[in-house]
Structure formats: C-alpha cells, structure tokens
Amino acid sequence: MDVRLSPEQVALRDAAAQAVARLGPGTVAGLDDADRAARLDAAVVESGWRELRAGDDGGAPWASAVEVALVSEQLGRGCADAAFLGPVLAADLRRLAGAPESDESETVALTPDLGAPARAGGAAVAVDAFGPSTALLLADGDGGTTLATVDVAGRGAGADLTRPTTSVATAEARPVEGARPLAEDDLDRWTALTLAVTAADLVGAMAGAARLTVEYAKERAQYGKPIGSFQAVQHLLADTLVHVEGARSSALHAAWAVDALPAADAVAAAATAKAYASRAALAVCETAVQVHGGIGNTWECMAHVFLRRSLLSTDVLGGIGPNLDRVLRHAGIGGR
Amino acid sequence: MDFADSPEEAAFRERLRAWLADNNPKLGASSTTDEYWEAQPEWHRSLYQGGWFGLSWPEEYGGHGMPSVYDVILDDELANAGAPPRPSLGYLVQGILHHGNDDVKARFLPALISGDDRWCQGFSEPDAGSDLASLRTRAERDDDDYVITGHKVWTSYSDLADWCFLLARTDPDVPKHKGLSVFAVRMDQPGVEQRPLKMINGITREFGEVIFDGARVPAENMIGAPGEGWPLAMTIVSHEREPHELGFASRYRKTVNELQRRVAAEPERYDAEQRRALAWAMVEADMLQRHVSRRLSDRLGGIEHGPEGSIDKLLMTWVEQAVGHAALAVGGAAHDGSDDTDLRTYLYSRAQSVMGGTSQIQRNLIAWRILGLPAS
C-alpha cells in the first residue's frame, strides 16, 4: 500500500490547478467574462482532460479514475466554468459500450433531479450544457440497456452558476451507432466513476470555499481586530479543514476503487465517499456564507458560487440518502 | 497511488489472519466492562509474543522496524477477526524514543513494548486540564532522588500500572512551561496511592487518580533533560492525537461490523432512522481507515507528523461518536434491564472529544498552527 500520488499525478494535478488559477472566474463578475471563459475552455480542450476516460484499442480507459478525480478536484476548487464532468462521463459510457468516440462536446443527460441517468422517453436534463451539443442517455434496446443520444439546443442555466443544465427532448433520442448493450457491471462501473468524480469535485469546492473564507477572516476587522482572531470564528474555520481532509481521504480511495475493485465494491466505496463529501461540502459552504456575514449573503460574494456548485455535484446520482442506501445494500441490508 | 497490498503486505496479512484464527481471545466490546480491562494485559503479551506488536518501532527495543503502513493492515485484520484492538501506548513509546537517552530507552522501552511492564500517564491534575502547563505536582531534588508530591487525575490504566510516566514541576522559579520534567516513577512504593474512578458507562478499571505524597524516584529515571518536560509532553500529546498510534480504527470497525451483522440478521426489526445511523458509522469508520492509509503513506517519503494531528484527532472523534450514536440507535438504552453493552459503548464515546486534548483545544491548534489565524 502506498497511496501517495505518482510524479505524473502530481504534475497533472498542478497543471489543472494552474489552468484554473490563470483562467478560472476568480470572482462573481468574472463569471460574465465570456472571453476568459472561452480561453479556459480552450485550455481544457488543449489539455485532453475530457478524453481521460476514452478507450484505447483494447477498451481500457486512457487514464484511471484517480487522474479524473485529481483534475475534478482542482476544477471544483477554482469553480471552473468549463465542461468536464459531462464529457468525461459521456466518454466513459461510450467506452463501456464499445462505441466510437464522439466529438468532445458531448455530455450526458440525467433525470431532472440528477439522481439517475436519463432514459429515452423520460424527462431529462443535460449537464454541462455550455452550448449546442449532444447528450448521451440510456434506452431499452433489443439486447438490454443501450446508449442513445439527443441534441442539446443551447446554453442552459440552473442552480450552479458554473455548470449550466438544460432540459432535453428524449422522445427524439437516436441510437448510438456501434454501441453494444451495457451489462450491469458496466453501469455499476459508470456509477462508481460518477460518484467518485463528483465527490472529488465536492472536495475541491469545499477546499476553495474554506480557502476563500480563511483569507476573508484574516482581513475583515471588527472590534479593531481581524474576525479570524475570535475563537468562535476560529472553531468554525478549523472544522472546515477537518471536513475537507476527511472527505479527501475517502474520495481518493473511491477514485482508486473505480478501476481496482470488483464493480459492486467500487460502487460501495464511491457511495461512501459521496455521502461523506455531500454532508461535508454543505457544512463547509454554509460556514463560508456565515463567516462572510452580510457580504456572504450577497450575489457578489463567491461563497454562494461554491455552495451552488456543491448542490449540483451532490445531486448527480444522489447525495446523502441514496448513497447511504447504497452502502447499506452492499452490506446486505436492504433499503427501507 | 495504490491502496492494495504489495506482495509482502499480502503475505503479512495472510500470516496474521492465520495467527488470529488461533489466538483471538474473543473479548467483549472494548471499554465496556471491567472484565475486558482485566484480560487486556494478557492480550498485549500474546500479540507481542506472536510478533504483531510494535511493527514500526525499532528492533533493538522489541519492535519490528517495519513501515508504519503495516499498522493499517494489523488494525484491518483485528477488526475483521473481531479481535480486541492493539494496546494504545504508541505515544509513550514515541515520547521515550524522541526524548530519552540511550540508557533510558534501553531500560524502559523493551518491557513497555512487550507488555511485561504496565504504564500509566500522569499528566492532568484537578486544576490543570487543558491548561496543562499550570500543573502543581512537585519533584524536589534530594541527593540522588527526586521526591514527588501532587495529585494526578484522568490517569488511564493506573490500577494495573507498574510505572507512571509523570510530568512534574522541577523548577518553580521559571515560566510555567520551562520548569517541567518527566520521570519514570514506580507505582508500587510508599507515597503512591491509586484510586479508581468510575466512568459514566460504569467501568472502573480504566480510569483513575493517583496521589503522590513523598514518593521517590531516582534522578537517573528522568526522561529527557531537566526542564524538557513541556516539549516532551507535547511530543506525547501530538502522537496521542494520531489514530494509528492508538489503533482505534480497529475498535471502531469491530463495533460497526458487529452492529451490521445484527441488523442484517433481522432487518425487519430496524427502521430507517436506525439504519441511517448505522450507515453513517460505516461511512465514518471507512473514511478513517483510508485517512490513516494516506497519512502513513506520506511517512514513507519521510514526512514527519506535525500539527495536522489535530485534524486527525477531530476526525477520529467524529468517527467514534458516530459509532456511539449507531450503537445507541441500533441497540437502544436497555431500559428493560437487558444487556446494556450498546449503551456503554455510546457513553464511552463521549470521552473521545475530551481525552488527549479536548476538541476545543484541537480547533485552537488548527486555527493557529495550520490556518495561521492570530491567537485571540
């Protein structure tokens, strides 16, 4: 056992951190800077991060879920407003189905509460809907569950100001050429990847919110002293770090498990991490709003951008409740 | 980045599993009965003689000189077997290793590690809890001895101890942090009175207080230099915050496994709220195992432990108290007079946010030493 990152993994993580530091929104006003967002998108395209889960000739992914999680955490930490989650999950679905790669703007469609992959004929929203593209969803085919695709009309909106969502018309779903039916194991693997990557995004978002808040507490003065010198505030901030570190340890294990453990065990590891991170992210982001005081309740403060991002990552394939149920089911204890 | 066993680790795990199949004393739940504590010294010696204790400590003192990641495997297998956790004395070993001279290390470490000698830790006093440096126990020089006078409290394992790892004031004329020294004091001598304290879960064999009234300790039993007591105490408490020095991960997993088995056997007996409490305990205990793996892997690269121990102490506390809540949710409070092991497990869990430095102290340390916030 040696769970240290390899030098290549450290380099990947640092490259993602640098891209986001240079081209991420930085501030709420920065979210409206279309030129900057386009440059961030171009940097993500250039990096090849969206193709990390595309398959080689033998059907194995180019990179393990650990690499995907490392990038995801850094994008979350900087509230990156560029497509990553959707394209990565779409590429993984195509790989699992043995389908040819799509153009890289393809994303995935989920049920409107984001709790499950969308199915043809049902209500659906596309995540990472930054512009006209396509979204993958599931359909009932001859040999079982198959892949279908629908058009995404344009840029969406939604709770997360950094990753738009939009409704898609699944009645017009078309079969994906060259895709074979997905086995239960395939869907479990994809579920594990989705939970692990969104858990990593939550770790990043809460780490970013915690960093923002500690910096603010050092600068903002009341009673003639920085508010970060008051024990009541210090204890809130200390807890944010504890949440981040616990969530990071669990999420790292989940990312490793996606490709290393049997599919059912990988889902359990990912559900463990996702439940932990969902609770932790909400606590940390709420602390961020609280410690920022009145400013924290205004649109201009980044605290709610982190909170909103966390709400989306939490809801993708479910937050606390569905994942605690997955953990129990894996232990042979059925749902309610 | 790999959580899986290397071939050497897998072989170690196999050997350990085989040994546990024959040597598991199958004691009841930890820290819930006095019988548990009476049987614990024998478990310590058995674990040591089997070659499973002190894995990462130096071979010359009875350890095995292995990377500390092996402790993760040990704790994992102890939990899987339902065996008792390993004895929690890594922090005393670390204190002596870091501060004792060669003579002190050679005299005290082998029997501490083997379990032949039992030790307690005399730090807290009735008027010196979180403000430990204000302690009043005096050690006054008298020829080749020091004479000890004072009152120690929350002294774990004092009833069985042969030795007390005692923090006392040797110089009252310097600032409070500078006048402290540490001694290895024999417990079986005149002037040492040990009184058990009954914990809120009813056990009497774990917790105690010790009155020193003219007890003597040879000057050569000082650990570290005169006045080195405070840095030594800080070494001890910083290691006392580390889950892997305590081996608590296996204790939590053992309890969770047991609760899980009970709920899985009769699922219809348990409602959604009880299952949810159990699920959180499973999630928390799993997190701690991964977290310890992460910390100990960092040490493979030579990263020494630092202020992040306070983060780990809080994580460990949250885990223990989630497990305590699960025990209470699943087992209930035994209002009908039936077996109250779950209630005892729950009540014991409340101590974790106090022992080894309260959660409030840990948060202060995180704020000052890690986040760089100014002291108020």
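The values are calculated or read from the model by the stated rules, or taken from the named source; none is laboratory data. Treat the numbers as computed from the prediction; the structure is a model and nothing was measured. No Cβ is skipped: glycine too gets one built from the backbone with ideal geometry, and neighbour counts run over all protein chains shown.
Here are some notes:
- Residue identified as under 19 Å from the mean Cα position of the chain (by Cα), in a loop (DSSP other than H, G, I, E, B) and away from chain A (no Cβ under 12 Å) among B:His335, B:His305: B:His305
- Test: residue in the stretch B:133-149 that is assigned to a loop (DSSP other than H, G, I, E, B), surrounded by 16 or more Cβ atoms within 10 Å (Cβ to Cβ) and of a type in the set (Phe, Trp, Tyr): no
- Scanning the stretch B:354-369 for residues that are closer than 16 Å to A:Phe230 by Cα, hydrophobic (A, V, I, L, M, F, W, C) and either in contact (Cβ under 8 Å) with a residue 24 or more places away in the chain or in contact with a Cys (Cβ under 8 Å, 6 or more places away or on another chain) (or both) yields a count of 3.
- Matching residues, the stretch A:60-79, being part of a loop (DSSP other than H, G, I, E, B) and touching a residue at least 12 places away in the same chain (Cβ under 8 Å): A:Ser64, A:Gly78, A:Cys79
- Boolean, A:Ser313 is away from chain B (no Cβ under 13 Å) and crowded, with 24+ Cβ neighbours inside 10 Å: yes
Each row is one residue, and each column tells you yes or no for (1) within 13 Å of chain B (Cβ to nearest Cβ); (2) without any contact (Cβ under 8 Å) to a residue 60 or more places away in the chain.
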residue: A:Gly154; (1), (2): no, yes
residue: A:Asp186; (1), (2): no, no
residue: A:Leu193; (1), (2): no, no
residue: A:Leu212; (1), (2): yes, no
residue: A:Ala217; (1), (2): yes, no
residue: A:Ala221; (1), (2): yes, yes
residue: A:Gln234; (1), (2): yes, yes
residue: A:His243; (1), (2): yes, yes
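- Of all residues making up the stretch A:300-336, the number that are in a loop (DSSP other than H, G, I, E, B), within 17 Å of A:Gly208 (Cα to Cα) and of a type outside the set (A, V, I, L, M): 2
- Odd one out for B:Thr155, checked against (1) surrounded by fewer than 20 Cβ atoms within 10 Å (Cβ to Cβ); (2) outside any strand (DSSP E or B); (3) polar (S, T, N, Q): (1)
- From the options A:Leu138, A:Leu202, A:Leu193, residue that is over 30 Å from A:Pro25 (Cα atoms) and not in a loop (DSSP other than H, G, I, E, B): A:Leu138
Each row is one residue, and each column tells you yes or no for (1) touching a Leu at 6+ places or on another chain (Cβ under 7 Å); (2) farther than 24 Å from B:Gln352 by Cβ.
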| residue | (1), (2) |
| --- | --- |
| B:Gln121 | yes, no |
| B:Ala128 | yes, no |
| B:Arg141 | no, yes |
| B:Tyr146 | no, yes |
| B:Trp154 | no, no |
| B:Ser158 | no, no |
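- Of all residues in the stretch A:52-77, those that are crowded, with 24+ Cβ neighbours inside 10 Å and among the charged types (D, E, K, R) total 3.
- Yes/no for B:Gly208 being more than 12 Å from chain A (Cβ to nearest Cβ), under 22 Å from the mean Cα position of the chain (by Cα) and not in a helix (DSSP H, G or I): yes
- Check on B:Glu9, under 24 Å from B:Ser297 (Cβ atoms) and either in contact with a Lys or Arg (Cβ under 6 Å, 6 or more places away or on another chain) or free of Cβ contacts under 8 Å to residues at least 12 places away in the same chain (or both): no
- Among the numbered conditions (1) touching a Pro at 6+ places or on another chain (Cβ under 7 Å); (2) surrounded by fewer than 24 Cβ atoms within 10 Å (Cβ to Cβ); (3) closer than 20 Å to A:Ala273 by Cβ, the only one that B:Leu300 does not meet is (3).
- Residues of the stretch B:263-302 that are in contact (Cβ under 8 Å) with a residue 60 or more places away in the chain and at the interface with chain A (Cβ under 7 Å from one of its Cβ atoms): B:Val263, B:Arg290, B:Ser293, B:Ser297, B:Leu300.
- Answer residue from the stretch A:1-43, given it is within 14 Å of chain B (Cβ to nearest Cβ) and small (Gly, Ala, Ser) and is farthest from B:Pro67 (Cα to Cα) among those: A:Ala11
- Selection status of A:Ala90, part of a helix (DSSP H, G or I) and either over 17 Å from the mean Cα position of the chain (by Cα) or buried (at least 20 other Cβ atoms within 10 Å of the Cβ) (or both): yes
- Some residue of the stretch A:285-300 being surrounded by fewer than 24 Cβ atoms within 10 Å (Cβ to Cβ), of a type outside the set (Val, Ile, Thr) and farther than 26 Å from A:Ala238 by Cβ: yes
Each row is one residue, and each column tells you yes or no for (1) over 30 Å from A:Gly296 (Cα atoms); (2) small (Gly, Ala, Ser); (3) surrounded by fewer than 18 Cβ atoms within 10 Å (Cβ to Cβ); (4) at pLDDT 95 or above.
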| site | (1), (2), (3), (4) |
| --- | --- |
| A:Gly178 | yes, yes, yes, no |
| A:Glu184 | yes, no, yes, yes |
| A:Thr191 | yes, no, no, yes |
| A:Ala196 | no, yes, no, yes |
| A:Ala200 | no, yes, no, yes |
| A:Ala207 | no, yes, no, yes |
| A:Glu215 | no, no, yes, yes |
| A:Ala221 | no, yes, yes, yes |
| A:His235 | no, no, yes, yes |
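- Residue satisfying all of: in the stretch B:37-73; more than 20 Å from B:Phe248 (Cβ to Cβ) and of a type in the set (D, E, K, R); modelled with the lowest pLDDT among these: B:Glu38
- When the stretch B:219-255 is limited to residues that are assigned to a loop (DSSP other than H, G, I, E, B) and among the small types (Gly, Ala, Ser), the one that is surrounded by the fewest Cβ atoms within 10 Å (Cβ to Cβ) turns out to be B:Ala225.
- When residues of the stretch A:273-309 are limited to those that are polar (S, T, N, Q) and within 13 Å of chain B (Cβ to nearest Cβ), the one farthest from the chain's Cα centre (by Cα): A:Thr287
- The residue of the stretch A:251-272 that is nearest to the chain's Cα centre (by Cα), among those that are facing another protein chain (nearest Cβ under 8 Å) and more than 17 Å from A:Gly319 (Cβ to Cβ), is A:Leu252.
- Scan of the stretch A:223-233 for residues that are crowded, with 16+ Cβ neighbours inside 10 Å and not in a helix (DSSP H, G or I), ordered by number: A:Pro226, A:Phe230
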